[in-house]
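Reviewing the structure listed below.
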Amino acid sequence: MQVEFEDQNLLELYEKGSSKKFNLEKDVLKKFFMRIQQLEAALNIHDLWKTASLNFERLKGFENRYSVRVTIKWRLEFRIDWIDESKTIGEIYILRLSKHYGD
C-alpha cells in the first residue's frame with residue numbers, strides 16, 4: 001500500500017536515519033524502518049492482519065486510525081484512507097511514533 005508521512009519529523013527519520021525530535025536506540029530505529037517497509041509492501045489489509053508480529057489493531061475511538069507494534073514499548077500510529085468499498089486497500093498516512101500505553 002502507498003505510505004505517506006503526516007509527521008515531518010518521522011519523514012526525516014525515515015529518509016535520513018535521524019531526527020532532532022527522535023533519539024532512538026538502534027534496535028528501535030531498525031524496527032521502525034522494517035515496519036514502514038512492511039506497510040509499503042502490504043498489498044492489502046489482510047497482509048497486515050496475518051503478520052502476528054505487527055500486532056496490527058484499530059485504535060479505539062477512531063474510525064480509521066490503526067497501529068502496529070515497533071517494539072514492546074513503541075508503536076507506530078497511522079490513518080488509512082480506504083480506496084475500495086470493502087476497506088481492504090488504502091493509502092496509509094503515518095501520524096506518530098509513540099510509547100505503547102505511555103510506558
Practice problem: Considering only the stretch 31-50, state which residues are in a helix (DSSP H, G or I) and either over 18 Å from PHE5 (Cα atoms) or touching a His at 6+ places or on another chain (Cβ under 6 Å) (or both). | Solution: ILE45, HIS46, ASP47, LEU48, TRP49
Quiz item: Restricting the stretch 79-93 to residues that are free of Cβ contacts under 8 Å to residues at least 12 places away in the same chain and out of contact with any Gly (no Cβ under 8 Å at 6 or more places or on another chain), which is surrounded by the fewest Cβ atoms within 10 Å (Cβ to Cβ)?
Solution: GLU85
Practice problem: Return a yes/no flag: does the stretch 51-63 have any residue that is in a strand (DSSP E or B), at negative phi and touching a helix residue (DSSP H, G or I) at 6+ places or on another chain (Cβ under 8 Å). | Solution: no
Exercise. Those residues that are out of contact with any Phe, Trp or Tyr (no Cβ under 7 Å at 6 or more places or on another chain) and touching a residue at least 24 places away in the same chain (Cβ under 8 Å), I need them from the stretch 26-44; list them, please.
Key: ASP27, LYS31, PHE32, ARG35, GLN38, LEU39, GLU40, ALA42, LEU43, ASN44
Practice problem: Please tell me if ASN23 is within 17 Å of HIS100 (Cα to Cα) and either touching a residue at least 12 places away in the same chain (Cβ under 8 Å) or of a type in the set (Asp, Glu) (or both). | Solution: no
Exercise. May I ask you to say which residue of PHE56, PHE5, PHE62, PHE33 is within 14 Å of ARG96 (Cβ to Cβ) and under 13 Å from the mean Cα position of the chain (by Cα)?
Key: PHE5
Quiz item: Do we find that LEU11 is of a type in the set (A, V, I, L, M, F, W, C) and in a loop (DSSP other than H, G, I, E, B) in this structure?
Solution: no
Quiz item: Going by the structure shown, is LYS50 among the charged types (D, E, K, R), in contact with an Asp or Glu (Cβ under 9 Å, 6 or more places away or on another chain) and free of Cβ contacts under 8 Å to residues at least 12 places away in the same chain?
Solution: no
Practice problem: Report whether or not ARG79 is farther than 12 Å from VAL3 by Cα, among the charged types (D, E, K, R) and assigned to a strand (DSSP E or B). | Solution: no
Practice problem: Within the stretch 71-95, track down each residue that is at pLDDT 90 or above and more than 18 Å from GLN37 (Cα to Cα). | Solution: ILE72, LYS73, ASP81, TRP82, ILE83
Self-check item: Single residue of ARG75, ARG58 found to be charged (D, E, K, R) and buried (at least 17 other Cβ atoms within 10 Å of the Cβ)
Solution: ARG75
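The values are calculated or read from the model by the stated rules, or taken from the named source; none is laboratory data. Predicted model only: the values in this text are computed from it and were never measured. Cβ coordinates were reconstructed from backbone atoms using ideal geometry, including for glycine residues, and neighbour counts include every protein chain displayed.
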